[in-house]
Amino acid sequence: MTALLAESLLFPFAEYWAFYAGFTAFVFVLLALDLGVFHRKAHAVSMKEATAWTVVWMSLAVVFCGALWWYCGYRFPDRLEAVTAAGYASAQEAANAVALQFLTGYVVEQSLSVDNMFVFVVIFGFFAIPPSLQHRVLFYGILGALAFRAVFIAIGAALIKFNVVVIVFGAFLIFTGIKIIFAPEKEADPEKNPVLKLLRRWIPLTPVLHGQRFLVREEAAAPGGTGAKALRWVGTPLFVALCMIEVSDVVFAVDSVPAIFAVTKEPFIVFTSNVFAILGLRSLYFLLAGAADKFHMLKYGLGIVLVFVGVKMTMPVSWYPASWDGHFPMGWSLAFIVTMIAGSMVASVVWPKRHAAH
(Lines give C-alpha, C1' and ligand atoms only; values in the text may rest on other atoms or scores of the structure.)
Protein backbone atom coordinates (compact mmCIF):
# COMPACT_ATOMS: atom_id res chain seq x y z
CA MET A 1 0.00 0.00 0.00
CA THR A 2 2.96 2.33 0.58
CA ALA A 3 3.78 2.34 -3.13
CA LEU A 4 0.15 3.01 -4.02
CA LEU A 5 0.07 6.12 -1.82
CA ALA A 6 3.46 7.47 -2.88
CA GLU A 7 1.97 10.01 -5.31
CA SER A 8 0.48 12.18 -2.57
CA LEU A 9 1.99 15.67 -2.59
CA LEU A 10 0.72 17.21 0.65
CA PHE A 11 0.50 14.01 2.74
CA PRO A 12 3.14 11.55 1.42
CA PHE A 13 2.72 8.18 3.09
CA ALA A 14 6.42 7.92 3.96
CA GLU A 15 6.11 11.02 6.15
CA TYR A 16 2.55 10.58 7.38
CA TRP A 17 2.36 6.84 8.03
CA ALA A 18 2.14 7.59 11.77
CA PHE A 19 -0.92 9.77 11.05
CA TYR A 20 -2.57 6.89 9.23
CA ALA A 21 -1.71 4.49 12.07
CA GLY A 22 -2.84 6.91 14.77
CA PHE A 23 -6.09 7.72 12.98
CA THR A 24 -6.84 4.02 12.47
CA ALA A 25 -6.13 3.30 16.15
CA PHE A 26 -8.43 6.19 17.13
CA VAL A 27 -11.21 4.72 14.97
CA PHE A 28 -10.86 1.29 16.59
CA VAL A 29 -11.04 2.89 20.04
CA LEU A 30 -14.28 4.61 19.05
CA LEU A 31 -15.71 1.36 17.71
CA ALA A 32 -14.67 -0.53 20.84
CA LEU A 33 -16.40 2.06 23.03
CA ASP A 34 -19.45 1.94 20.79
CA LEU A 35 -19.98 -1.82 20.95
CA GLY A 36 -18.32 -2.62 24.29
CA VAL A 37 -19.79 0.20 26.37
CA PHE A 38 -22.69 2.08 24.79
CA HIS A 39 -24.25 -0.85 22.89
CA ARG A 40 -23.05 -3.78 24.99
CA LYS A 41 -26.63 -4.97 25.48
CA ALA A 42 -28.73 -5.55 22.37
CA HIS A 43 -31.63 -3.10 22.19
CA ALA A 44 -33.75 -1.27 19.67
CA VAL A 45 -32.20 2.11 18.89
CA SER A 46 -34.76 4.86 19.56
CA MET A 47 -35.16 7.98 17.45
CA LYS A 48 -33.76 10.06 20.33
CA GLU A 49 -30.68 7.85 20.66
CA ALA A 50 -30.13 7.79 16.88
CA THR A 51 -30.36 11.58 16.74
CA ALA A 52 -27.87 11.98 19.58
CA TRP A 53 -25.35 9.60 17.98
CA THR A 54 -25.77 11.26 14.57
CA VAL A 55 -24.90 14.60 16.17
CA VAL A 56 -21.91 13.00 17.93
CA TRP A 57 -20.44 11.46 14.76
CA MET A 58 -21.01 14.59 12.69
CA SER A 59 -19.49 16.75 15.43
CA LEU A 60 -16.41 14.53 15.52
CA ALA A 61 -16.04 14.97 11.76
CA VAL A 62 -16.28 18.76 12.09
CA VAL A 63 -13.79 18.81 14.98
CA PHE A 64 -11.36 16.68 12.97
CA CYS A 65 -11.76 19.04 10.00
CA GLY A 66 -10.93 22.00 12.22
CA ALA A 67 -7.91 20.24 13.70
CA LEU A 68 -6.72 19.26 10.22
CA TRP A 69 -7.08 22.88 9.03
CA TRP A 70 -5.10 24.14 12.03
CA TYR A 71 -2.37 21.53 11.56
CA CYS A 72 -2.01 22.30 7.85
CA GLY A 73 -1.78 26.03 8.58
CA TYR A 74 0.99 25.25 11.07
CA ARG A 75 2.86 22.65 9.00
CA PHE A 76 2.58 23.78 5.39
CA PRO A 77 4.78 26.93 5.72
CA ASP A 78 7.70 24.48 6.16
CA ARG A 79 6.65 22.54 3.05
CA LEU A 80 6.25 25.34 0.51
CA GLU A 81 7.82 23.27 -2.25
CA ALA A 82 5.12 20.61 -1.91
CA VAL A 83 2.44 23.28 -1.56
CA THR A 84 3.57 24.95 -4.78
CA ALA A 85 3.82 21.60 -6.59
CA ALA A 86 0.21 20.90 -5.57
CA GLY A 87 -0.83 24.13 -7.29
CA TYR A 88 -1.40 26.45 -4.33
CA ALA A 89 -0.08 29.99 -4.06
CA SER A 90 0.43 29.93 -0.29
CA ALA A 91 0.45 27.62 2.71
CA GLN A 92 -2.78 29.12 4.07
CA GLU A 93 -4.53 28.65 0.73
CA ALA A 94 -3.50 24.99 0.78
CA ALA A 95 -4.74 24.60 4.37
CA ASN A 96 -8.10 26.16 3.48
CA ALA A 97 -8.38 23.89 0.42
CA VAL A 98 -7.62 20.77 2.46
CA ALA A 99 -10.36 21.60 4.98
CA LEU A 100 -12.90 22.25 2.22
CA GLN A 101 -11.89 19.07 0.41
CA PHE A 102 -12.42 17.05 3.60
CA LEU A 103 -15.86 18.59 4.20
CA THR A 104 -16.90 18.11 0.58
CA GLY A 105 -15.67 14.51 0.53
CA TYR A 106 -17.51 13.84 3.79
CA VAL A 107 -20.76 15.31 2.45
CA VAL A 108 -20.44 13.37 -0.83
CA GLU A 109 -19.84 10.06 0.96
CA GLN A 110 -22.57 10.68 3.54
CA SER A 111 -25.05 11.64 0.80
CA LEU A 112 -24.33 8.60 -1.33
CA SER A 113 -24.59 6.40 1.77
CA VAL A 114 -28.23 7.47 2.24
CA ASP A 115 -29.17 5.48 -0.86
CA ASN A 116 -27.37 2.47 0.63
CA MET A 117 -29.47 2.74 3.80
CA PHE A 118 -32.63 2.05 1.86
CA VAL A 119 -31.08 -1.24 0.75
CA PHE A 120 -30.42 -2.03 4.43
CA VAL A 121 -34.11 -1.50 5.16
CA VAL A 122 -35.07 -4.06 2.50
CA ILE A 123 -32.49 -6.61 3.72
CA PHE A 124 -33.51 -6.35 7.38
CA GLY A 125 -37.18 -6.57 6.46
CA PHE A 126 -36.71 -9.61 4.21
CA PHE A 127 -34.83 -11.61 6.85
CA ALA A 128 -37.05 -10.33 9.69
CA ILE A 129 -34.11 -9.00 11.70
CA PRO A 130 -35.60 -7.38 14.83
CA PRO A 131 -34.61 -3.77 15.61
CA SER A 132 -32.74 -4.91 18.72
CA LEU A 133 -30.24 -6.89 16.58
CA GLN A 134 -29.85 -4.53 13.64
CA HIS A 135 -27.16 -2.42 15.32
CA ARG A 136 -24.97 -5.51 15.81
CA VAL A 137 -25.21 -6.44 12.13
CA LEU A 138 -24.40 -2.89 11.04
CA PHE A 139 -21.46 -2.68 13.46
CA TYR A 140 -19.68 -5.67 11.93
CA GLY A 141 -20.79 -4.55 8.50
CA ILE A 142 -18.98 -1.27 9.06
CA LEU A 143 -15.77 -3.09 10.06
CA GLY A 144 -15.84 -4.82 6.69
CA ALA A 145 -16.72 -1.59 4.92
CA LEU A 146 -13.69 0.17 6.43
CA ALA A 147 -11.38 -2.61 5.23
CA PHE A 148 -12.82 -2.62 1.71
CA ARG A 149 -12.70 1.18 1.45
CA ALA A 150 -9.03 1.22 2.48
CA VAL A 151 -8.22 -1.21 -0.35
CA PHE A 152 -10.33 0.69 -2.89
CA ILE A 153 -8.77 4.02 -1.92
CA ALA A 154 -5.24 2.63 -2.20
CA ILE A 155 -5.98 1.25 -5.66
CA GLY A 156 -7.72 4.47 -6.68
CA ALA A 157 -4.73 6.53 -5.51
CA ALA A 158 -2.47 4.47 -7.77
CA LEU A 159 -4.76 4.72 -10.80
CA ILE A 160 -5.89 8.34 -10.49
CA LYS A 161 -2.47 9.67 -11.56
CA PHE A 162 -3.19 8.44 -15.11
CA ASN A 163 -5.28 10.96 -17.02
CA VAL A 164 -7.09 8.27 -19.01
CA VAL A 165 -8.25 6.64 -15.74
CA VAL A 166 -9.58 9.99 -14.50
CA ILE A 167 -11.61 10.34 -17.69
CA VAL A 168 -12.90 6.75 -17.41
CA PHE A 169 -13.91 7.31 -13.77
CA GLY A 170 -15.66 10.55 -14.71
CA ALA A 171 -17.51 8.97 -17.63
CA PHE A 172 -18.59 6.10 -15.35
CA LEU A 173 -19.97 8.53 -12.78
CA ILE A 174 -21.86 10.46 -15.46
CA PHE A 175 -23.36 7.21 -16.79
CA THR A 176 -24.27 6.04 -13.28
CA GLY A 177 -25.85 9.40 -12.40
CA ILE A 178 -27.99 9.42 -15.56
CA LYS A 179 -29.00 5.82 -14.92
CA ILE A 180 -30.09 6.66 -11.36
CA ILE A 181 -32.15 9.63 -12.57
CA PHE A 182 -34.00 7.82 -15.36
CA ALA A 183 -34.17 4.26 -14.06
CA PRO A 184 -37.74 3.24 -13.17
CA GLU A 185 -38.42 2.57 -9.52
CA LYS A 186 -38.72 -1.06 -8.56
CA GLU A 187 -38.71 -2.96 -5.32
CA ALA A 188 -35.50 -4.83 -4.56
CA ASP A 189 -36.04 -8.56 -4.13
CA PRO A 190 -33.32 -10.19 -1.97
CA GLU A 191 -34.69 -13.62 -2.93
CA LYS A 192 -33.30 -13.10 -6.45
CA ASN A 193 -29.96 -11.77 -5.24
CA PRO A 194 -27.03 -13.92 -6.49
CA VAL A 195 -25.26 -13.48 -3.15
CA LEU A 196 -28.10 -15.24 -1.35
CA LYS A 197 -28.12 -18.01 -3.94
CA LEU A 198 -24.37 -18.58 -3.52
CA LEU A 199 -24.65 -18.62 0.27
CA ARG A 200 -27.38 -21.23 0.10
CA ARG A 201 -25.20 -23.35 -2.18
CA TRP A 202 -22.00 -23.12 -0.14
CA ILE A 203 -23.15 -22.80 3.48
CA PRO A 204 -25.94 -24.52 5.42
CA LEU A 205 -28.43 -21.87 6.54
CA THR A 206 -31.20 -21.78 9.08
CA PRO A 207 -34.20 -19.42 9.00
CA VAL A 208 -34.25 -19.40 12.82
CA LEU A 209 -32.63 -16.57 14.77
CA HIS A 210 -30.27 -17.57 17.60
CA GLY A 211 -30.00 -14.34 19.57
CA GLN A 212 -26.95 -12.29 18.58
CA ARG A 213 -25.08 -15.22 17.02
CA PHE A 214 -24.10 -15.25 13.36
CA LEU A 215 -23.14 -18.95 13.30
CA VAL A 216 -24.43 -21.87 15.39
CA ARG A 217 -23.72 -25.58 15.53
CA GLU A 218 -26.63 -27.88 14.74
CA GLU A 219 -27.04 -31.61 14.40
CA ALA A 220 -27.22 -33.03 10.88
CA ALA A 221 -27.16 -36.48 9.35
CA ALA A 222 -23.61 -37.78 9.06
CA PRO A 223 -22.42 -38.78 5.56
CA GLY A 224 -22.59 -42.45 4.63
CA GLY A 225 -26.25 -43.07 5.39
CA THR A 226 -25.56 -44.68 8.77
CA GLY A 227 -28.18 -42.64 10.54
CA ALA A 228 -25.60 -41.12 12.86
CA LYS A 229 -25.73 -37.46 13.75
CA ALA A 230 -22.90 -34.92 13.43
CA LEU A 231 -22.55 -31.29 14.39
CA ARG A 232 -22.08 -28.68 11.66
CA TRP A 233 -21.82 -24.90 11.50
CA VAL A 234 -24.97 -23.20 10.23
CA GLY A 235 -25.46 -19.58 9.22
CA THR A 236 -28.27 -17.67 10.93
CA PRO A 237 -30.33 -14.87 9.32
CA LEU A 238 -27.94 -12.40 10.99
CA PHE A 239 -25.04 -13.94 9.05
CA VAL A 240 -26.87 -13.80 5.73
CA ALA A 241 -27.95 -10.18 6.31
CA LEU A 242 -24.34 -9.26 7.19
CA CYS A 243 -23.00 -10.84 3.99
CA MET A 244 -25.54 -9.05 1.82
CA ILE A 245 -24.85 -5.71 3.51
CA GLU A 246 -21.10 -6.16 2.93
CA VAL A 247 -21.65 -6.87 -0.75
CA SER A 248 -24.02 -3.92 -1.13
CA ASP A 249 -21.39 -1.64 0.40
CA VAL A 250 -18.77 -2.87 -2.08
CA VAL A 251 -21.17 -2.09 -4.93
CA PHE A 252 -21.84 1.41 -3.61
CA ALA A 253 -18.11 2.01 -3.05
CA VAL A 254 -17.61 1.63 -6.80
CA ASP A 255 -19.53 4.92 -7.15
CA SER A 256 -18.48 6.77 -4.01
CA VAL A 257 -14.69 6.29 -4.09
CA PRO A 258 -14.25 7.70 -7.63
CA ALA A 259 -16.64 10.52 -6.69
CA ILE A 260 -14.42 11.60 -3.80
CA PHE A 261 -11.31 11.40 -5.95
CA ALA A 262 -13.04 14.02 -8.09
CA VAL A 263 -12.95 16.26 -5.01
CA THR A 264 -9.32 15.64 -4.02
CA LYS A 265 -6.37 13.56 -5.19
CA GLU A 266 -4.98 13.28 -1.66
CA PRO A 267 -5.52 9.69 -0.35
CA PHE A 268 -5.31 10.88 3.26
CA ILE A 269 -8.28 13.21 2.82
CA VAL A 270 -10.23 10.58 0.87
CA PHE A 271 -9.56 7.98 3.58
CA THR A 272 -10.42 10.13 6.59
CA SER A 273 -13.57 11.65 5.05
CA ASN A 274 -14.73 8.15 4.05
CA VAL A 275 -14.12 6.76 7.52
CA PHE A 276 -16.05 9.51 9.31
CA ALA A 277 -18.97 9.12 6.92
CA ILE A 278 -19.03 5.34 7.44
CA LEU A 279 -18.81 5.71 11.24
CA GLY A 280 -21.98 7.79 11.24
CA LEU A 281 -23.80 5.45 8.88
CA ARG A 282 -25.43 3.31 11.60
CA SER A 283 -26.96 6.17 13.58
CA LEU A 284 -28.08 7.87 10.37
CA TYR A 285 -29.70 4.60 9.30
CA PHE A 286 -31.76 4.37 12.49
CA LEU A 287 -32.65 8.03 12.10
CA LEU A 288 -33.86 7.72 8.50
CA ALA A 289 -34.97 4.08 8.21
CA GLY A 290 -38.56 4.88 9.07
CA ALA A 291 -38.61 7.66 6.48
CA ALA A 292 -37.03 5.67 3.64
CA ASP A 293 -40.20 5.73 1.56
CA LYS A 294 -40.69 9.47 2.08
CA PHE A 295 -37.47 10.55 0.31
CA HIS A 296 -38.55 9.22 -3.08
CA MET A 297 -36.96 12.17 -4.93
CA LEU A 298 -33.56 11.70 -3.32
CA LYS A 299 -32.41 9.61 -6.27
CA TYR A 300 -32.62 12.69 -8.50
CA GLY A 301 -30.37 14.66 -6.17
CA LEU A 302 -27.87 11.79 -5.96
CA GLY A 303 -27.92 11.32 -9.73
CA ILE A 304 -27.27 15.02 -10.37
CA VAL A 305 -24.39 14.99 -7.86
CA LEU A 306 -22.76 12.02 -9.60
CA VAL A 307 -23.14 13.69 -13.00
CA PHE A 308 -21.66 16.89 -11.56
CA VAL A 309 -18.55 15.22 -10.13
CA GLY A 310 -18.19 13.16 -13.30
CA VAL A 311 -18.19 16.31 -15.42
CA LYS A 312 -15.59 17.82 -13.08
CA MET A 313 -13.33 14.82 -13.63
CA THR A 314 -13.64 14.87 -17.42
CA MET A 315 -13.56 18.65 -18.00
CA PRO A 316 -10.13 19.83 -19.25
CA VAL A 317 -8.42 22.30 -16.92
CA SER A 318 -7.82 24.55 -19.94
CA TRP A 319 -11.57 25.26 -19.96
CA TYR A 320 -11.43 26.78 -16.48
CA PRO A 321 -11.44 30.59 -16.18
CA ALA A 322 -8.03 32.06 -15.38
CA SER A 323 -9.34 33.25 -12.00
CA TRP A 324 -9.74 29.63 -10.87
CA ASP A 325 -5.95 28.99 -11.00
CA GLY A 326 -6.45 25.49 -12.36
CA HIS A 327 -8.77 24.39 -9.51
CA PHE A 328 -12.56 24.12 -9.60
CA PRO A 329 -13.75 26.28 -6.66
CA MET A 330 -14.22 23.83 -3.79
CA GLY A 331 -16.71 26.10 -2.06
CA TRP A 332 -18.90 26.00 -5.15
CA SER A 333 -18.73 22.21 -5.23
CA LEU A 334 -19.71 21.89 -1.58
CA ALA A 335 -22.58 24.38 -1.96
CA PHE A 336 -23.90 22.65 -5.09
CA ILE A 337 -23.79 19.15 -3.55
CA VAL A 338 -25.50 20.24 -0.32
CA THR A 339 -28.16 22.14 -2.30
CA MET A 340 -28.94 19.16 -4.54
CA ILE A 341 -29.20 16.63 -1.69
CA ALA A 342 -31.12 18.91 0.68
CA GLY A 343 -33.31 20.17 -2.17
CA SER A 344 -34.29 16.66 -3.26
CA MET A 345 -35.18 15.71 0.32
CA VAL A 346 -37.26 18.85 0.81
CA ALA A 347 -38.97 18.27 -2.55
CA SER A 348 -39.85 14.73 -1.40
CA VAL A 349 -41.68 16.18 1.59
CA VAL A 350 -43.39 18.96 -0.38
CA TRP A 351 -44.50 16.57 -3.15
CA PRO A 352 -45.02 13.24 -1.35
CA LYS A 353 -45.03 9.96 -3.17
CA ARG A 354 -48.40 8.76 -4.37
CA HIS A 355 -49.10 5.16 -3.53
CA ALA A 356 -51.12 3.09 -5.95
CA ALA A 357 -54.60 2.29 -4.69
CA HIS A 358 -55.23 -1.38 -3.96
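Structure notes:
- Checking every residue in the stretch 311-320 against the condition of being at pLDDT 75 or above, out of contact with any Leu (no Cβ under 9 Å at 6 or more places or on another chain), among the aromatic types (Phe, Trp, Tyr) and outside any helix (DSSP H, G or I) gives at least one match.
- Residue match in the stretch 274-296 (condition: more than 15 Å from the chain's Cα centre (by Cα), of a type in the set (A, V, I, L, M), surrounded by fewer than 23 Cβ atoms within 10 Å (Cβ to Cβ) and in a loop (DSSP other than H, G, I, E, B)): yes
- Output for the stretch 159-217, where each listed residue is under 28 Å from Asp115 (Cβ atoms), assigned to a helix (DSSP H, G or I) and charged (D, E, K, R): Lys179, Glu191, Lys192, Lys197, Arg200
- The number of residues in the stretch 156-190 that are touching a residue at least 12 places away in the same chain (Cβ under 8 Å) and either under 16 Å from the mean Cα position of the chain (by Cα) or surrounded by 16 or more Cβ atoms within 10 Å (Cβ to Cβ) (or both) comes to 14.
- For Ala50, the criteria (1) in a helix (DSSP H, G or I); (2) touching a helix residue (DSSP H, G or I) at 6+ places or on another chain (Cβ under 9 Å); (3) more than 14 Å from Ser283 (Cα to Cα) hold in every case but one, which is (3).
- Hits in the stretch 20-47 (condition: part of a helix (DSSP H, G or I), farther than 16 Å from Ile278 by Cα and at pLDDT below 80): Gly36, Val37, Phe38, Met47
- Of all the listed residues (Ala147, Ala99), the sole one being assigned to a helix (DSSP H, G or I), more than 30 Å from Ala289 (Cβ to Cβ) and free of Cβ contacts under 8 Å to residues at least 60 places away in the same chain is Ala99.
- Gln134 satisfies every condition listed in (1) closer than 19 Å to Ala25 by Cβ; (2) modelled with pLDDT of 85 or more except (1).
- Residue match in the stretch 220-231 (condition: touching a helix residue (DSSP H, G or I) at 6+ places or on another chain (Cβ under 8 Å), modelled with pLDDT under 85 and not small (Gly, Ala, Ser)): no
- Single unsatisfied condition, Phe148 versus (1) farther than 22 Å from Ile337 by Cβ; (2) aromatic (Phe, Trp, Tyr); (3) out of contact with any Asp or Glu (no Cβ under 7 Å at 6 or more places or on another chain): (3)
- Some residue of the stretch 91-104 being within 18 Å of Phe139 (Cα to Cα), within 22 Å of the chain's Cα centre (by Cα) and of a type in the set (S, T, N, Q): no
- Checking each residue in the stretch 193-210 for being touching a residue at least 12 places away in the same chain (Cβ under 8 Å) and exposed (fewer than 12 other Cβ atoms within 10 Å of the Cβ) picks out Pro207, Val208.
- Matching residues, the stretch 265-307, being closer than 19 Å to Leu30 by Cβ and among the basic types (Lys, Arg): Arg282
- Among residues that are farther than 17 Å from Gly235 by Cα, modelled with pLDDT of 85 or more and out of contact with any helix residue (DSSP H, G or I) (no Cβ under 6 Å at 6 or more places or on another chain), Val216 is not included.
- Filtered residues of the stretch 261-285 (kept if among the charged types (D, E, K, R) and closer than 22 Å to Phe172 by Cα): Lys265, Glu266
- Every pair of residues 6+ apart whose Cβ atoms lie under 8 Å, when the first sits in the stretch 329-345 and is over 13 Å from Lys299 (Cα atoms) and at pLDDT below 85 while the second is of a type in the set (Gly, Ala, Ser) and surrounded by fewer than 16 Cβ atoms within 10 Å (Cβ to Cβ): none
The values are calculated or read from the model by the stated rules, or taken from the named source; none is laboratory data. Keep in mind that this is a model prediction, so the values were computed, not measured. Positions of Cβ are generated from backbone atoms using ideal geometry, with glycine treated the same way; all protein chains shown enter the neighbour counts.
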